[in-house]
Structures are given as C-alpha cells and as structure tokens.
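Participant: Please see the structure below; I have some questions.
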Amino acid sequence: TNPATIFIIYPLQTYVVNRLLFGGSLTFSKLMETEWTWEAVRRLGAEVMFSFFIGGFLLAIIMTPITYFAAKHTVLEFRRRKERVS
C-alpha cells in the first residue's frame with residue numbers, strides 16, 4: 001500500500017475478513033456496548049488484528065497475480081509501441 005490508498009485498503013480488508021470469519025461483529029454499536037475491561041479490549045483487539053492480517057494475506061494472494069500480469073502487459077505494450085516509433 002501507499003499513503004494515498006492505506007485509508008481505503010486497511011479498513012476494507014479488515015471489514016471483509018471480519019464479515020466472513022466473525023459474522024461482521026465489528027460494528028459501532030458493539031464498540032459502544034463493550035465493557036471496557038482489559039479482557040474485553042484484548043478480545044476485541046485480537047479479532048481486529050486477526051481480521052487485518054488475514055485480510056492482508058488474502059488481498060495479496062488475490063491481487064499479486066492480477067497486478068503482475070497487468071504490469072507485464074503494460075510494459076510489453078509500451079516496448080512494442082516504442083519499437084514501432086523508433
């Protein structure tokens with residue numbers, strides 16, 4: 001990620017995995033109802049961190065081949081056009 005996309009990618013990957021694995025338990029109302037003890041915060045933190053890291057892993061697995069082939073195609077096309085002009 002980069003500073004321009006971090007505000008979109010991190011929350012999105014965490015939210016999607018949280019919805020898939022935990023049934024979307026990270027909601028504003030849940031945060032407001034949390035009994036703010038050390039144990040409750042630790043559980044909420046572990047869920048968030050697990051969702052974040054698994055989300056990043058899944059996003060990387062999905063996006064790496066797509067971006068690799070898109071970048072490869074773009075570079076090869078640029079080289080072909082440059083060759084034609086020369």
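The values are calculated or read from the model by the stated rules, or taken from the named source; none is laboratory data. Here the structure is a predicted model, which is why all the values come from computation and not from measurement. So basically every Cβ, Gly included, is an ideal-geometry build from the backbone, and we count neighbours across all protein chains shown. Protein only, heavy atoms only, side chains kept; ligands, DNA and RNA dropped before computing areas. Shrake-Rupley method; radii C 1.70, N 1.55, O 1.52, S 1.80 Å.
Participant: May I ask you to list the residues in segment 34-57 that are part of a helix (DSSP H, G or I), open to solvent by 70 Å² or more (accessible area, probe 1.4 Å) and either at pLDDT 80 or above or among the hydrophobic types (A, V, I, L, M, F, W, C) (or both)?
Facilitator: In the first step, residues of segment 34-57 are kept if they are part of a helix (DSSP H, G or I); the result is 38-57.
Applying the additional criterion that residues be open to solvent by 70 Å² or more (accessible area, probe 1.4 Å) yields 38-39, 42-43, 49-50, 53, 57.
Scanning segment 34-57 gives 38, 49, 50, 53, 57.
Participant: Give segment 40-82 a look and list any residue that's without any contact (Cβ under 8 Å) to a residue 24 or more places away in the chain and aromatic (Phe, Trp, Tyr), or say none. Steps first, answer last, please.
Facilitator: Residues of segment 40-82 without any contact (Cβ under 8 Å) to a residue 24 or more places away in the chain: 40-46, 49, 53, 57, 60-82.
Hits for segment 40-82 are 53, 57, 68, 69, 78.
Participant: Follow-up question, since we're still on this one. What do you reckon, is residue 64 at pLDDT 80 or above and either under 19 Å from the mean Cα position of the chain (by Cα) or not in a helix (DSSP H, G or I) (or both)?
Facilitator: Yes; evaluated as a whole, the condition is true for this residue.
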